[in-house]
Amino acid sequence: QVHLVESGGRLVQAGGSLKLSCAASGHDFSNYAMGWFRQTPSKGRDFVAAIGWSGESKFYADSVNGRFSVSRDNAKSTLYLQMNNLELEDTAVYYCATSVRLGATSPSPYDSWGPGTQVTVSS
């Protein structure tokens, strides 16, 4: 399994920006498609974005499309999520995960998960 650690979450005002990182170790990062999910106490783990092995294929949830951008640096074994124009509804714990399936939008095809990083958007 790949070991994943997210970072970059913090308190930010609505309308602001934040960039999350997900550092991977243990296996060849470029062998995996990657995804970002988020979870609140009252909801399940929701899909946010996904990216293919080379970074050319990208997928977004409707709620973040046009505001969030997913990218990866295979040389650094790191996944990123640039979040712009943040809204109160973006408050959640954000998780990165690996998958052998490209563009999966449900949690089940993802096998390695990080511990998450808290993003809180205030008014």
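The values are calculated or read from the model by the stated rules, or taken from the named source; none is laboratory data. All values derive from a computational prediction rather than experimental measurement. Cβ sites come from the backbone with ideal geometry, for glycine too, and all protein chains shown count toward neighbours. Each accessible area value is taken on the protein alone, full model and side chains, heavy atoms only, with ligands, DNA and RNA left out. Shrake-Rupley method; radii C 1.70, N 1.55, O 1.52, S 1.80 Å.
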Is it the case, given these coordinates, that Ala49 is free of Cβ contacts under 8 Å to residues at least 40 places away in the same chain, open to solvent by 70 Å² or more (accessible area, probe 1.4 Å) and of a type in the set (A, V, I, L, M)?
no
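Working carefully through the options Ser57, Ser69, find the one that is open to solvent by 30 Å² or more (accessible area, probe 1.4 Å), on the phi < 0 side of the Ramachandran plot and either free of Cβ contacts under 8 Å to residues at least 24 places away in the same chain or touching a helix residue (DSSP H, G or I) at 6+ places or on another chain (Cβ under 7 Å) (or both).
Details: Ser57 fails: either free of Cβ contacts under 8 Å to residues at least 24 places away in the same chain or touching a helix residue (DSSP H, G or I) at 6+ places or on another chain (Cβ under 7 Å) (or both).
Going through Ser57, Ser69 in turn, the sole match is Ser69.
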Those residues of segment 1-21 which are of a type in the set (Val, Ile, Thr) and not in a strand (DSSP E or B) amount to Val2
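When the residues of segment 75-104 are filtered to those that are of a type in the set (Val, Ile, Thr) and under 12 Å from the mean Cα position of the chain (by Cα), which remaining residue is least open to solvent (accessible area, probe 1.4 Å)?
Residues of segment 75-104 of a type in the set (Val, Ile, Thr): 78, 91, 93, 98, 100.
If we keep only those that are under 12 Å from the mean Cα position of the chain (by Cα) too, we end up with 78, 93, 98.
On the way: Thr78: 19, Val93: 35, Thr98: 1 Å².
The extreme case among them is Thr98.
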Among Gly26, Gly44, Gly103, which is of a type outside the set (Ser, Thr, Tyr), out of contact with any Gly (no Cβ under 6 Å at 6 or more places or on another chain), farther than 19 Å from Val2 by Cα and modelled with pLDDT under 95?
Gly44
What pairs come out if I take residues in segment 107-123 that are more than 20 Å from Met83 (Cα to Cα) and pair them with residues that are part of a loop (DSSP other than H, G, I, E, B) and charged (D, E, K, R) whose C-beta lies under 6 Å away, six or more apart or interchain?
Pro109/Arg101
Of the numbered conditions (1) closer than 21 Å to Pro115 by Cα; (2) open to solvent by less than 80 Å² (accessible area, probe 1.4 Å), Lys43 satisfies every one except a single condition; which is it?
(2)
Give me the pairs: first residue in segment 1-14 and open to solvent by less than 100 Å² (accessible area, probe 1.4 Å), second residue part of a loop (DSSP other than H, G, I, E, B) and among the polar types (S, T, N, Q), beta-carbon distance under 7 Å, and six or more apart or on different chains, which are they?
Ala14/Ser123
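Considering only segment 48-70, I want to know if a residue exists there that is of a type in the set (Asp, Glu), within 14 Å of the chain's Cα centre (by Cα) and more than 10 Å from Gly35 (Cα to Cα). Break it down into steps so the answer makes sense when it comes.
Narrowing segment 48-70 to residues of a type in the set (Asp, Glu): 56, 62.
Imposing the further condition that a residue be within 14 Å of the chain's Cα centre (by Cα) reduces the set to none.
No, segment 48-70 contains no residue that is of a type in the set (Asp, Glu), within 14 Å of the chain's Cα centre (by Cα) and more than 10 Å from Gly35 (Cα to Cα).
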Report whether or not Ala24 is surrounded by 21 or more Cβ atoms within 10 Å (Cβ to Cβ) and either under 11 Å from the mean Cα position of the chain (by Cα) or part of a loop (DSSP other than H, G, I, E, B) (or both).
no
